[in-house]
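Trainee: Just dropping this structure here.
Every number here is computed from the coordinates shown, using simple stated rules; none is lab data. Quick caveat, the model's predicted, so the values are computed rather than measured. Cβ sites come from the backbone with ideal geometry, for glycine too, and all protein chains shown count toward neighbours.
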Amino acid sequence: QVRLVESGGGLVQPGGSLRLSCAASTSNFKLYEVGWYRQAPGDQREWVATIAKTGFTVYADSVKGRFTISRDNAKNTAYLQMNSLKPEESAVYYCNARDPEGIYWGQGTQVTVSS
């Protein structure tokens, strides 16, 4: 069982930036594929980005060029740098970690983009 804790959310103005963190309770973090998702009220959870064990990254078209997913295996932490944020991107952002035995989710962190 892997416990994930997201942090870094908050209130930001349109066009602003935030960096989210996802801290994992495992020293084998390097073995996990990590993803970021978001869910706005009334909407389904939406995939945002994924980083593989190799460091290979994939992004949803809606965030490509503005968001950057990264990981620091020495700190057992993944990140999501979000730039040029839009009001419609207000949501709870979740990270997950995946290995052959299962998928683990954090509790989420709220991001609100508003002036």
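Trainee: Looking at the chain, identify the longest residue range that excludes and avoids all trypsin sites (Lys or Arg not before Pro) in DSSP loops having at most 13 other Cβ atoms within 10 Å.
Mentor: Here the longest segment lacking exposed loop sites spans 4-63.
Trainee: Using a 7 Å offset from Cα along Cα-Cβ at E88, what residues in the range 94-115 end up with backbone N under 17 Å from the label point?
Mentor: In the range 94-115, the label zone of E88 (backbone N under 17 Å from the point 7 Å along Cα→Cβ) covers 112-115.
Trainee: Output wanted: per-residue J couplings in Hz (rounded whole) for the range 15-25, from phi through Karplus 6.51 cos²θ - 1.76 cosθ + 1.60, θ = phi - 60°, x for Gly and Pro.
Mentor: Values per residue, Gly and Pro as x: x, x, 10, 9, 10, 8, 10, 9, 9, 10, 8 Hz.
Trainee: Once you order the gyration tensor axes a ≥ b ≥ c over the Cα atoms, which shape class does the chain get: rounded for a/c under 1.5, otherwise prolate or oblate by comparing a/b with b/c? Show your work: numbers first, answer last.
Mentor: Working: a/c = 1.83, a/b = 1.68, b/c = 1.09.
Prolate shape, in that a/c is at least 1.5 and a/b is the bigger ratio.
Trainee: For the range 1-32 and the range 33-58, write down the distance between their C-alpha centroids in whole Å.
Mentor: Their Cα centres are 11 Å away from one another.
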